[in-house]
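Everything below concerns the one structure shown next.
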Ligand SMILES: Cc1cc2nc3c(=O)[nH]c(=O)nc-3n(C[C@H](O)[C@H](O)[C@H](O)COP(=O)(O)OP(=O)(O)OC[C@H]3O[C@@H](n4cnc5c(N)ncnc54)[C@H](O)[C@@H]3O)c2cc1C
Ligand code: SF4
Ligand code: SF4
């Protein structure tokens with residue numbers, strides 16, 4: 001019996017480094033890494049030692065034989081990755097001596113041995129992976145600041161409360177809060193003094209501004225950005241407890257990424273099942289008294305290229321309340337999909353031709369996936385009453401009392417740093433902020449709002465690597481009175 005990786009995997013590759021027989025792939029050295037929904041264990045070579053399960057920060061790994069209910073399919077999903085694949089053929093196992101740079105014998109400066117003082121802004125995954133790298137692999141002293149009173153970034157205020165295993169990774173990061181070389185300042189906005197007092201500053205401030213849809217009625221009351229709804233159920237201090245009104249029977253969510261699926265799942269969940277989770281008590285009370293019976297997920301694209309990942313769709317489908325709006329050509333695309341293709345994931349999901357002029361059916365709450373359909377207009381006098389959505393058979397008006405815009409995020413400008421308006425990020429090269437020596441970025445503000453928690457590990461490591469390269473090359477500005485300045489004779 002082998003072990004298997006399941007739904008909550010955030011692809012941080014911690015398990016890869018502890019596996020004694022290299023049977024977890026793709027590894028960070030392989031071309032597929034960062035492109036798969038999870039990592040996978042090869043059942044043919046796993047020796048059942050359990051080391052990976054002990055190391056996984058989000059409890060995603062189990063003996064395949066112990067999987068029950070909706071998790072059972074992961075035994076097959078892990079094995080599927082290896083069907084007909086020669087993993088070693090993907091990797092260059094022989095060292096390529098021609099690719100190695102010529103040896104260089106750089107003169108070592110005394111400054112190389114003085115501990116660096118680094119400020120890290122943001123306690124989300126990117127900030128914490130940078131902190132981990134600095135504390136474990138250098139002698140740097142770290143000042144860690146976050147504007148919020150509670151650490152964790154989106155792990156605390158973004159990840160859905162019914163994903164407690166994913167939220168557990170926050171405990172792994174929190175171990176560093178008490179490190180003797182770290183000072184933690186919560187409830188503190190980053191200001192220009194950080195750069196004056198530190199050798200380098202890493203901004204890992206995330207990117208949770210709403211991307212605009214550009215449709216009429218977008219700003220009507222009742223049209224909410226995804227960040228408001230997510231912040232509301234997670235008790236974010238910036239979001240009022242009554243920010244989300246659930247008195248309408250139908251809610252439209254624009255988007256089908258994992259955040260859109262999170263919102264649909266929480267709004268239609270049995271409140272009793274959420275009672276033992278970290279959900280904000282006010283949100284739970286509103287869900288209990290709310291009237292929502294249907295959440296419609298509007299997908300601009302078709303089922304073959306929908307934005308969600310397989311684990312999140314499987315979790316939704318397993319609840320039994322997911323329906324696909326079977327307007328043309330959706331049914332044919334799903335039925336015609338070959339095993340393993342994205343559209344084939346929907347083959348067991350019920351379909352219905354939905355009459356959008358009728359109210360949602362009575363009884364059980366449900367989620368409707370409507371593909372090939374983009375919002376054209378939000379209608380209403382004093383607040384949203386309907387969404388006009390496009391489709392291959394023409395526009396339809398969907399009566400809805402609330403709309404959630406979950407079509408993506410973008411970064412906000414950081415005072416004092418350049419900003420790329422089109423991409424919504426701070427322009428950078430391998431984390432170095434253009435024209436600002438000693439200033440770096442990591443995470444979503446560096447590369448844009450995509451990728452799960454684990455994707456920030458390699459991203460933060462690249463940034464810390466750039467910082468250390470600059471320190472060794474003497475490219476960090478000397479601007480404070482301290483050990484480095486004295487060694488360089490400038491204090
Ligand atoms: C709703 C949602 C749910 C998600 N769920 C999952 C999931 O289940 N699994 C998964 O793998 N990935 C999930 N992700 C993706 C994951 O959360 C991101 O990859 C990750 O959080 C990005 O990390 P970050 O550090 O760049 O940003 P963030 O996590 O946003 O952290 C940024 C931090 O910077 C702080 N900050 C911002 N500005 C300032 C300032 N001026 N001064 C001081 N501090 C500041 C913020 O308060 C915040 O704590 C989710 C994302 C979202 C939006
Ligand atoms: S159980 Fe052991 S051998 Fe199997 S994947 Fe995990 S670490 Fe590797
Ligand atoms: S979360 Fe990390 S340690 Fe756990 S299974 Fe995924 S890659 Fe491995």
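The values are calculated or read from the model by the stated rules, or taken from the named source; none is laboratory data. Every value quoted in this text rests on a predicted model; they were computed, and no experiment measured them. Neighbour counts run over all protein chains shown; Cβ positions are idealised from the backbone, glycine included.
So if I check each of 365, 319, 370, which one is over 30 Å from residue 216 (Cα atoms), in contact (Cβ under 8 Å) with a residue 40 or more places away in the chain and within 29 Å of the chain's Cα centre (by Cα)?
On the way: 365 fails: over 30 Å from residue 216 (Cα atoms); 370 fails: over 30 Å from residue 216 (Cα atoms).
Residue meeting the stated conditions: 319.
Please go through segment 210-236 and pick out each residue that is surrounded by fewer than 16 Cβ atoms within 10 Å (Cβ to Cβ) and within 20 Å of the chain's Cα centre (by Cα).
First, pick out the residues of segment 210-236 that are surrounded by fewer than 16 Cβ atoms within 10 Å (Cβ to Cβ): 212, 214, 216, 219, 221.
Correct list: 212 only.
For residue 55, the conditions (1) more than 22 Å from the chain's Cα centre (by Cα); (2) near ligand 2 (Cβ under 10 Å from one of its atoms) all hold with the exception of (1). Can you pull out the residues in segment 234-289 that are free of Cβ contacts under 8 Å to residues at least 24 places away in the same chain and in contact with a helix residue (DSSP H, G or I) (Cβ under 7 Å, 6 or more places away or on another chain)? Scanning segment 234-289 gives 238, 239, 243, 271, 275, 284, 288. For segment 300-327, filtering for residues that are touching a helix residue (DSSP H, G or I) at 6+ places or on another chain (Cβ under 8 Å) and in a loop (DSSP other than H, G, I, E, B) leaves 10. Considering segment 44-64, and only residues there that are under 23 Å from residue 340 (Cα atoms) and surrounded by fewer than 17 Cβ atoms within 10 Å (Cβ to Cβ), the residue that is nearest to ligand 3 (Cβ to nearest atom) turns out to be 45.
Only a single item in (1) assigned to a helix (DSSP H, G or I); (2) closer than 21 Å to residue 61 by Cβ; (3) in contact with a helix residue (DSSP H, G or I) (Cβ under 7 Å, 6 or more places away or on another chain) is not met by residue 130, and it is number (2).
Before we move on, is residue 5 touching a residue at least 12 places away in the same chain (Cβ under 8 Å), more than 15 Å from ligand 1 (Cβ to nearest atom) and buried (at least 20 other Cβ atoms within 10 Å of the Cβ)? Write out each step before concluding.
Numbers: touching a residue at least 12 places away in the same chain (Cβ under 8 Å): yes; more than 15 Å from ligand 1 (Cβ to nearest atom): no; buried (at least 20 other Cβ atoms within 10 Å of the Cβ): yes.
So residue 5 does not fit the description; no.
Here the condition is being surrounded by 22 or more Cβ atoms within 10 Å (Cβ to Cβ), modelled with pLDDT of 95 or more and in a helix (DSSP H, G or I); of 297, 267, it holds for 267 alone. Filtered by the rule that a residue be more than 16 Å from ligand 1 (Cβ to nearest atom) and either without any contact (Cβ under 8 Å) to a residue 24 or more places away in the chain or within 10 Å of residue 4 (Cα to Cα) (or both), segment 53-70 gives 53, 62, 63, 64, 65, 66, 67, 68. Would you be able to tell me the number of residues in segment 127-151 that are closer than 18 Å to residue 230 by Cβ and surrounded by 23 or more Cβ atoms within 10 Å (Cβ to Cβ)? Total meeting the criteria: 1.
Suppose we filter segment 407-446 for residues that are part of a helix (DSSP H, G or I) and within 28 Å of residue 264 (Cα to Cα); how many remain? Selection size over segment 407-446: 2.
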